[in-house]
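One structure is given here, and the rest of the page talks about it.
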Amino acid sequence: MLTLVLLKCLSDLGFYYAFAGFFALLAGAEAPFLLACLGLQALTGTLTFPFRERGSLRFLPLALLVGIFFLPGGGWTGWLAALPPAVYMIYLTAEKLYLPDWSAQVDIFRIFWKVLLGFCMLALLVGCGAQLAAITIPAGLISLVCCVLLLRSLRHDLSVCCTPRFQAMNLAAAVGVLMGAAIFSSDAFLDAVRMFLTGVYQTVFYPLLLGCVYVLAGVLRVVVWLFSRISFSASEQQESEVTIDTSGLENVFEGMEAGQNADLFLRVLTALGLILAAVLLIVLFRWLSGRSRWDAIRTESAERRSAVSEKTSLRRRLRASSRPVGQVRAQYRKYLSLCRRRGIDLAKSDTSEEIAGKTKYVMEPGDVRSLRQLYIAARYNDEATREEVAEAKRLYQKLAASAKESLF
C-alpha cells in the first residue's frame, strides 16, 4: 500500500509544482530546490500512512517537512512556494485521505494533461521556455506518469496491488521518473538539447530554406520575363526586362547564418518539438492507462467486456493457448462469457472481485472464488501448472452446470 500512497502524493504534488513552480521561478526561486521539495513532501506524506490508526502519532513523520528549510537553493520565494503542498500533506494526514477513487483520479488525469498542454503553448508564446524546461515539464512528467501508474493499480484488487512484485514495479517507476525529471531539468541536459537543435537547424533547415528562396526567385524571374514580352497597348512601347535582385535575400540569409534570426527560428522549432512530444506523451499515457474513452467507462455501465479473441491476433492467441497460463486465462474468459449469457451486467471497470460479487446469486461462490484465485496467479504471477489447468476446466464446467440449473 505504501507505493500506492507514494504515487498519490507524487501525482498531486507534481500537479501543483508544474504550475506554481513556473511562477516561482519567475519570482526568483530555483528549480532544483522545488523538485527536491516535491520529493521530500511526497516521502513525508507516504511515511504517515503506517501510523494512520495510531491517533496523533500519525503526525510524527510530518516533522520531516522542516527539512525544506535546510535544502540547498532555498529562499523566501522557494519557501513560500513549498508552503501550500506542505499544508496539503498535513490535511491528507488529518483526514486520512490516502487512496483516491478510481473515477476521481481519471478526472484529474483528463483535466491535467489538457491544462498542461495549453499552459505550455502560452508560456512559449511569451518567451518563457526556460521556466517550462526547468520545472513545468519535469513536474508535469512526474504527475502524469504517477497518475497513470496509480490508475493501473486502482483497477486491480488490493490483494494484487500489495504483492511484492507489483509494489516493486511501481516503486521502480516512481524512482525512475524522479531521476528523469532531475536530469531533464539540469543545465547540462538543456545545453545539450539547445546544441542539438542548433546543429539540426544549421545542417538541415537552413540549406533547405536557402534553396527554396533561390528556386522561388528563379521562378519569379521567369514569370516577370514572360510578362515583359507582352505589349499592353497598340502604340509602340519599349520592351524592358524586369529583373529581380536576389542579393538582398542572400544578405538576409547570410545574416541568419551569422545568428541574427536563428534565435527566433529556434524558438519556433523548440515549440513545435515540445508540442509534438506532448502529443506523443498523451498517446502513450492513454495507452498505458488502458483507457481510450473515459466518459464511456463512467456512464455506459452496460458496456460489455470484449473477448480477448476480438482484440488479439490469431498467432498470439494460438501461442498463448498452448501454455498453461494461457489455458487458465482462457477458462476465465469462458466464465466471463457465461456471465454475459446469464444476463449479468459486467462493466469494463469491474475487477474480478466485483464480478464475483455479481455472480454470487447465480453461481456457486466457492467455485467462483477458486477459479478467480487460479486466474490471478496466472495473470499477475505468470504461474500455472497442467493440474491447475485441469482444475480450472473442472470449475468452469461445474459453474456452467450450476448456472444453468439456477435458471430453471
Breaking point among (1) modelled with pLDDT of 90 or more; (2) within 27 Å of the chain's Cα centre (by Cα), for PRO32: (1)
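Could you say whether any residue in the stretch 167-183 is small (Gly, Ala, Ser) and either touching a Phe, Trp or Tyr at 6+ places or on another chain (Cβ under 6 Å) or surrounded by 19 or more Cβ atoms within 10 Å (Cβ to Cβ) (or both)?
yes
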Of the residues that make up the stretch 95-104, is at least one of a type outside the set (A, V, I, L, M, F, W, C), open to solvent by 50 Å² or more (accessible area, probe 1.4 Å) and over 24 Å from ARG52 (Cβ atoms)? no
Could you list all residues from the stretch 363-387 that are among the polar types (S, T, N, Q) and modelled with pLDDT of 85 or more? SER370, GLN373, THR385
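Based on what the data block shows, is TRP113 touching a Lys or Arg at 6+ places or on another chain (Cβ under 8 Å), open to solvent by 30 Å² or more (accessible area, probe 1.4 Å) and not small (Gly, Ala, Ser)? Explain how you work it out, then say what you get.
Numbers: touching a Lys or Arg at 6+ places or on another chain (Cβ under 8 Å): no; open to solvent by 30 Å² or more (accessible area, probe 1.4 Å): yes; not small (Gly, Ala, Ser): yes.
Against the criterion (touching a Lys or Arg at 6+ places or on another chain (Cβ under 8 Å), open to solvent by 30 Å² or more (accessible area, probe 1.4 Å) and not small (Gly, Ala, Ser)), TRP113 does not qualify.
Being of a type in the set (Val, Ile, Thr) and either without any contact (Cβ under 8 Å) to a residue 24 or more places away in the chain or closer than 23 Å to PRO138 by Cα (or both) is the filter here, so list the residues in the stretch 72-124 that pass it. It would help to see each step written out before you state the result.
Keep residues of the stretch 72-124 that are of a type in the set (Val, Ile, Thr), which gives 77, 87, 90, 93, 106, 108, 111, 115.
Answer for the stretch 72-124, where residues must be of a type in the set (Val, Ile, Thr) and either without any contact (Cβ under 8 Å) to a residue 24 or more places away in the chain or closer than 23 Å to PRO138 by Cα (or both): THR77, VAL87, VAL106, ILE108, ILE111, VAL115.
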Looking at (1) within 39 Å of the chain's Cα centre (by Cα); (2) closer than 11 Å to VAL328 by Cα, which is the one condition that is false for ALA390? (1)
Selection within the stretch 35-71 - in contact (Cβ under 8 Å) with a residue 12 or more places away in the chain and of a type in the set (Phe, Trp, Tyr): PHE49, PHE59
Just to be sure before I move on: is GLU53 in contact with a helix residue (DSSP H, G or I) (Cβ under 7 Å, 6 or more places away or on another chain) and of a type in the set (Asp, Glu) in the structure I sent? no
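Give the residue, chosen from LEU144, LEU125, LEU150, that is of a type in the set (A, V, I, L, M) and open to solvent by 20 Å² or more (accessible area, probe 1.4 Å). Full working, then the answer.
Working: LEU144 fails: open to solvent by 20 Å² or more (accessible area, probe 1.4 Å); LEU150 fails: open to solvent by 20 Å² or more (accessible area, probe 1.4 Å).
None of the others qualify; the one that does is LEU125.
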What are the residues in the stretch 217-242 that are of a type in the set (D, E, K, R) and modelled with pLDDT of 50 or more, if any? ARG221, ARG229
Within the stretch 18-76, which residues are surrounded by fewer than 19 Cβ atoms within 10 Å (Cβ to Cβ) and among the hydroxyl-bearing types (Ser, Thr, Tyr)? SER56
In the stretch 35-55, is there at least one residue being more than 27 Å from VAL160 (Cα to Cα) and either hydroxyl-bearing (Ser, Thr, Tyr) or not in a helix (DSSP H, G or I) (or both)? no
Any pair with Cβ under 6 angstrom, 6 or more apart, that starts in the stretch 349-370 at a residue that is outside any helix (DSSP H, G or I) and ends at one that is open to solvent by less than 40 Å² (accessible area, probe 1.4 Å) and hydroxyl-bearing (Ser, Thr, Tyr): MET363/SER402; GLU364/SER402
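The values are calculated or read from the model by the stated rules, or taken from the named source; none is laboratory data. Quick caveat: nothing in here was measured; it's all calculated off a predicted structure. Using ideal geometry, Cβ is built from the backbone for each residue, glycine included, and neighbour counts are taken over all protein chains shown. Ligands, DNA and RNA are stripped out before the accessible areas are found, and what is left, the full protein with its side chains, is counted by its heavy atoms. Shrake-Rupley method; radii C 1.70, N 1.55, O 1.52, S 1.80 Å.
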